[in-house]
Amino acid sequence: VSGEKEEALFRMLGADGEPEERRDVPESSGVSSQPEPQVQHQLGSLYGVPWQPPGPPIQHSPADQETSAVTQQQWHLQGLGRSELQAAGLPEAQLGEAAESSPSFLLGSEVGQPYSSSPPSEEVLSLLRAIPPIPDEVVVRQKRAPHGSWKVGTLLHGKRVYAVAISGSTHHVYTCGSGYIRVWDESALQAGDKAPQAQLDLQDPQDCVVTCKLFPDEQSLITGGASQAVTLWDLAPTPQVRARLTSTGPTCYSLAVSSDAHICLACFHGFVEIWDLQNQILIRKHEVPVYGSRCVDITGNIFWTGGEDTTLYSWDLRNYQRLHQHDLQNEILSITHDPGEEWVLAGLRTSDIAFLHTRRNEQFKAVMKKYTRHHSLKFASCGSYFVTAIDTRLSGLEAPSLQKLFQIEESSGILCCDVSSDNQYLVMGSKSSAIVYQLLY
């Protein structure tokens, strides 16, 4: 698809209430003006700006125009009540049609209004009494989004934290950088000077971890960076190396792990390594465009790559054929996806955020018009919100409405971020430490 046609496919969204003029910032801006001396030539510009998924139309006050909504066609009316349909702008004449297709109208025209029904028979009541209670752990509860955050502690890593991960089951934090990885237990999250529980020294003191991923069961961690190897770590009962997967490239810029933890993708300059994690063997060294290999992500049987050439590529993991390519007009700094693997989010050098549906030809773009050096994006495991960090600012946005939930301003650049799988903690990596916030509900 040509650039003109591709751009026409995007629906444009304003996503910043304080737009700034785009400045002539060099595209090759690095992580910091003074990175670790041994890895400066390898790291280059590894950090950038991610994007966020589209959502329904909502009304914002003038003071909260951080994001704007998409068109009404993105709403699914089946889940809306009458008052919500009216608020969404549906004409009164169409409410009847929506009522027929919406289960929420079966109980009456207003929520909570009873309707006439004959009482159950004694036989039915006896059957109901015989049903055992549902265990509390299997009850499906409504997804919540936080309304704020509270800074609880600082983890003194000692060097730049290029990658960070936090476990939801143990609340252990893993801060990664040059020479070592530090492990922090939950008691350190609410302290400012507590020593780490453990320090995992890298094989070579000059090695540097710039990307890491927790496995879905949170029992393993995989790391990559300037080390010519992807390292697999066992985290319990004691953190230790399980395997070093020797790479064919000098620097791994990005990692992605499949939802079943069977496949890992490691992104290098000009190619992606596809690893079988169970057997610890290299399945394939897959060539991708040299300037489209900064970042990688995986959704089902499709993996995605992007980089300096401004194009987002999708590939079939079964036959390794290229499926599509989308010209996003600006350098791609990061790629991620929502927990349901329906939307892929791409973050651009201009802070803009592109959203692409993984199964339908739907594309959206949120325009921020601000050049950035650092950007991280992380979806909460519940899927109801995500956090996005651009330079020194981190924002929590509700999904899919994109309504701003909270905002954090730090004094130094945010290099990475993560949210615990239980949605209780948020951790951010910066120039010498990791900052921990508790999310408020």
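The values are calculated or read from the model by the stated rules, or taken from the named source; none is laboratory data. Remember, it's a predicted structure, so these values are computed and weren't measured experimentally. Cβ coordinates were reconstructed from backbone atoms using ideal geometry, including for glycine residues, and neighbour counts include every protein chain displayed. Note: areas computed on protein heavy atoms with side chains; ligands, DNA, RNA excluded. Shrake-Rupley method; radii C 1.70, N 1.55, O 1.52, S 1.80 Å.
Across segment 273-306, which residue is farthest from Leu317 (Cα to Cα) among those that are of a type in the set (S, T, N, Q) and open to solvent by less than 40 Å² (accessible area, probe 1.4 Å)? Before the answer, list the steps.
Within segment 273-306, the subset of a type in the set (S, T, N, Q) is 278-280, 293, 299, 301, 305.
Those still in the list that are open to solvent by less than 40 Å² (accessible area, probe 1.4 Å) too: 293, 299, 305.
Numbers: Ser293: 16, Thr299: 10, Thr305: 12 Å.
Checked segment 273-306; the qualifying residue farthest from Leu317 (Cα to Cα) is Ser293.
Considering segment 330-348 alone, what residues qualify as being within 14 Å of Thr388 (Cα to Cα) and open to solvent by less than 10 Å² (accessible area, probe 1.4 Å)?
Leu333, Leu345, Ala346, Gly347, Leu348
Scanning for something within 26 Å of Gly168 (Cβ to Cβ), touching an Asp or Glu at 6+ places or on another chain (Cβ under 9 Å) and not charged (D, E, K, R), does segment 360-367 turn up at least one residue?
Checked segment 360-367: no residue is within 26 Å of Gly168 (Cβ to Cβ), touching an Asp or Glu at 6+ places or on another chain (Cβ under 9 Å) and not charged (D, E, K, R).
Inside segment 166-272, counting only strands (runs of 3 or more DSSP E) that do not spill past its ends, which hold 1 or more residues that are touching a residue at least 40 places away in the same chain (Cβ under 8 Å), touching a strand residue (DSSP E or B) at 6+ places or on another chain (Cβ under 8 Å) and open to solvent by 40 Å² or more (accessible area, probe 1.4 Å)?
In segment 166-272, 208-214, 240-246 are the strands (runs of 3 or more DSSP E) which contain 1 or more residues that are touching a residue at least 40 places away in the same chain (Cβ under 8 Å), touching a strand residue (DSSP E or B) at 6+ places or on another chain (Cβ under 8 Å) and open to solvent by 40 Å² or more (accessible area, probe 1.4 Å).
Name every residue in segment 278-296 that is more than 20 Å from Thr231 (Cα to Cα) and in a strand (DSSP E or B), in order of residue number.
Glu287
Do you know which residues across segment 306-356 are part of a loop (DSSP other than H, G, I, E, B) and hydrophobic (A, V, I, L, M, F, W, C)? Break it down stepwise before answering.
Of segment 306-356, the ones part of a loop (DSSP other than H, G, I, E, B) are 307-310, 317-321, 328-331, 338-342, 349-352.
Hits for segment 306-356 are Leu317, Leu328.
Does any residue of segment 385-397 turn out to be touching a Lys or Arg at 6+ places or on another chain (Cβ under 8 Å), without any contact (Cβ under 8 Å) to a residue 60 or more places away in the chain and open to solvent by 10 Å² or more (accessible area, probe 1.4 Å)?
Yes, segment 385-397 contains a residue that is touching a Lys or Arg at 6+ places or on another chain (Cβ under 8 Å), without any contact (Cβ under 8 Å) to a residue 60 or more places away in the chain and open to solvent by 10 Å² or more (accessible area, probe 1.4 Å).
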